[in-house]
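> Handing you this structure, nothing more for now.
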Amino acid sequence: MKTFLENLKKELEKRHFTKEDIEEILEDHQEMIEEAKNDGLSDDDLIEKFGEPSKLAEDLVGSKSSNEETEEVNTDDYKLLQSFPVLENNVDVIISLTSDDVECVAHDEETIEVFYKKVKNINDYKLNFDGKVFSLEEKKKIGLFGFKMGSGQFIVKVPKELNPNNLSIKIVSGEVALVQVNAKDVSLRAVSGNLVVRQGQYASLDMSIVSGDAKVNNVDISKDASINSVSGDITLSEVTAKNFFVKTVSGDCKGREFYPENVRLKSISGDMKITNSDQSRIVNIISKKTLSGEIRIN
Amino acid sequence: MNAQFKRGIVELCVLSELASEDMYGYMIINNISKHLDVNENTIYPIMRRLTKEGYFTTYFQESNAGAPRKYYKITKKGFDYYLELRDAWDHFIGGVYEILNKGGKKHEDILRKFKERT
């Protein structure tokens, strides 16, 4: 049962529980396991009774302390465009805009809500939700350059439990933020805009930027992650993943508390620097290639 | 059984256990898993969440068995919440039985009615 407690600790750390929370949960379990043993339960009985540490940790996420409460995004000066009731989770979320900013956040309601401000003509946008796929797009405009230059701001609030199968956000020059939204496969693309991803659990994450910057903080990826940048900088902090691939041309990549199991780094002239404090967590470097940049880990 | 539905029911059971007396973690889990097919990893997260939400407080008390035990005590807020949930549950389950009993109360009843129709 010692391994149970050790595994539980690892699973809780993975999910960014505070030190105090972890200590308390482990103490509670130590006590309950002792009681169970005094009761004459065998090791097999105990496994049956206490179950999988990963499942337990997952179920405990709802009782996490402080810093991880759902942040209320201020929508005071925004207008509500539409609110859709969500009856079933695991829908797809697709957002495709040109020069607008979009922030996709989780909230405690069972609805998808779209807010906007500074939008010149809201009729230029198409919003759709059929229960399976949610989409926010710009209507095709045939203009001189194919797209207009205005820049509005959108906030898309999704239920905390939504857990989309596919979450895709594409933007040309706007800013994208994805905050506290868990999803299966996430794909984010920007040309000159920045991408910010904070607090999320995904199966896969695929990010691509050209001249904008990408920031990823407090994110766990159970399978593959890749970030592709031309001249934009990449910042990774408190990130775990199975396989992580970073590729830049001239952008720099900085990592702090970045613990992928396997990592591949590739850059032409950008520098990469990763600093991790926990030396016991092994990061396998599958390959690192640079032409004129410098790659340093720890 | 649907996980969310199950959690709601287990929450009611945890509240009910503590409404009658203060208990330590293992005791609550044992009392509930004696009757329902749920284990620790369903019950403990609920106890913890309800404590965080101010429905329970905890205190330590020495035991004969060895280390001191952590006891859970229901608060006024917790008790009010229990009564509210309990009302909702009684109402719900009452409604469910109204519907089910229309089709017959026992297996034989249900079967007889079904045979009459076919």
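Bear in mind these aren't lab numbers, they're just calculated from the coordinates by the rules spelled out. Note that the structure is predicted; figures quoted are calculated from it, not measured. FYI the Cβ positions are ideal-geometry reconstructions off the backbone, even for glycines, and counts take in every protein chain you see.
> Shape call for segment A:67-138 from the C-alpha gyration tensor, a ≥ b ≥ c root eigenvalues: rounded (a/c under 1.5), prolate (a/b greater than b/c) or oblate?
Values: a/c = 1.80, a/b = 1.14, b/c = 1.59.
Cα axes put segment A:67-138 in the oblate bin.
> Name the residue from A:V114, A:F17, A:A241 whose Cα lies farthest towards the positive end of the charge dipole of the protein assembly as shown, charges +1 on Cβ of Lys and Arg and -1 on Cβ of Asp and Glu.
Of A:V114, A:F17, A:A241, it is A:V114.
> Please report A:R256, B:R69 as a ranked list, fewest other C-beta atoms within 10 angstrom at the top and most at the bottom. List each step's numbers first, then the result.
Values: A:R256 15, B:R69 20.
Ascending Cβ contact count within 10 Å gives the list A:R256, B:R69.
> What's the angle, to the nearest 10 degrees (0 to 90), between helix B:107-117's Cα axis and the longest principal axis of chain B?
30
> Less than 21 Å apart at the alpha-carbon level, and either on another chain or at least 8 residues along: which lysines does that give for B:K77?
Cα-Cα hits under 21 Å: A:K64, B:K52.
> If you don't mind, there's one more thing I want to ask. So if I take the alpha carbon set of segment A:211-270, get Rg, then get Rh from the Kirkwood formula, what is the Rg over Rh ratio?
Values: Rg = 10.6 Å, Rh = 11.2 Å.
Using Cα coordinates only, the ratio equals 0.95.
> Considering the dipole of chain B built from charges on the beta carbon (Lys and Arg +1, Asp and Glu -1) around the Cα centre, which of B:Q4, B:F114, B:G95 is farthest to its positive end?
Result: B:F114, furthest along the dipole toward the positive end.
> In nanometres, what is the gap between the two model label sites at A:K120 and A:L26, each 7 Å from Cα along Cα-to-Cβ?
Those two pseudo-labels are separated by 5.8 nm.
> Please work out whether segment A:164-298 counts as rounded, prolate or oblate from its C-alpha gyration tensor, where a ≥ b ≥ c are the square roots of the eigenvalues and a/c under 1.5 means rounded, while otherwise a/b larger than b/c means prolate and anything else oblate? All intermediate terms of the calculation are to be shown ahead of the outcome.
On the way: a/c = 1.86, a/b = 1.14, b/c = 1.63.
Here segment A:164-298 falls in the oblate category.
> Mind giving me the nanometre distance, one decimal, between the label points for A:D108 and A:S54, set 7 Å out from Cα along Cα→Cβ?
That separation, rounded to one decimal, is 3.0 nm.
> Let me ask something else about it. Largest first and in whole Å, what are the equivalent-ellipsoid semi-axes of segment B:3-117 based on the Cα gyration tensor, each being the root of 5 times an eigenvalue?
Details: eigenvalues 270, 54, 24 Å².
They are 37, 16, 11 Å, listed from largest to smallest.
> Let me ask something else about it. Let's see if you can work this out: charge +1 on each Lys and Arg Cβ, -1 on each Asp and Glu Cβ, no other charges. What is the dipole magnitude of segment A:70-175 about its Cα centre, in debye to the nearest 20? Don't skip to the answer; put the middle values down first.
On the way: 13 positive and 19 negative charges, 159 e Å.
I would put it at about 760 debye.
> May I pose another question? What number, rounded to the nearest 500 deg cm²/dmol, is the helix-based mean residue ellipticity at 222 nm of the protein assembly as shown, given -39500 (n - 2.57) per DSSP H run of at least four residues and division by all its residues? Each step should come with its number before you reach the end.
On the way: 9 runs with 129 residues, N = 416.
The per-residue figure over the protein assembly as shown is -10000 deg cm²/dmol.
> Using a cut-off of 21 Å between alpha-carbon atoms, which lysines can reach A:K184, once sequence neighbours fewer than 8 places away in the same chain are excluded?
Qualifying lysines at Cα under 21 Å: A:K14, A:K55, A:K132, A:K157, A:K160, A:K170, A:K215, A:K223, A:K242.
> Straight-line reach only, C-alpha to C-alpha below 21 angstrom: list the lysines that B:K102 could link to, leaving out same-chain residues fewer than 8 apart.
Cross-link targets: B:K113, B:K115.
> Another question, if that's okay. For the protein assembly as shown, what D do you get in µm² per second when you plug the Kirkwood radius from alpha-carbon pairs into Stokes-Einstein at 4 °C and 1.567 mPa s?
On the way: Rh = 24.8 Å.
Answer, rounded: 52 µm²/s.
> Ok, one more. Using the Cα centre as the reference, give the magnitude of the dipole from point charges on the C-beta atoms of chain B (Lys, Arg: +1; Asp, Glu: -1; all else neutral), rounded to the nearest 20 debye.
Taking the Cα centre of chain B as origin, the dipole is about 360 debye.
> Let me ask something else. Quick one: putting +1 on the C-beta of Lys and Arg, -1 on the C-beta of Asp and Glu, what dipole do you get for segment A:194-298 around its Cα centre, in Debye to the nearest 20? It would help to have the intermediate numbers written out before the result.
Numbers: 14 positive and 12 negative charges, 45 e Å.
Roughly 220 debye for segment A:194-298.
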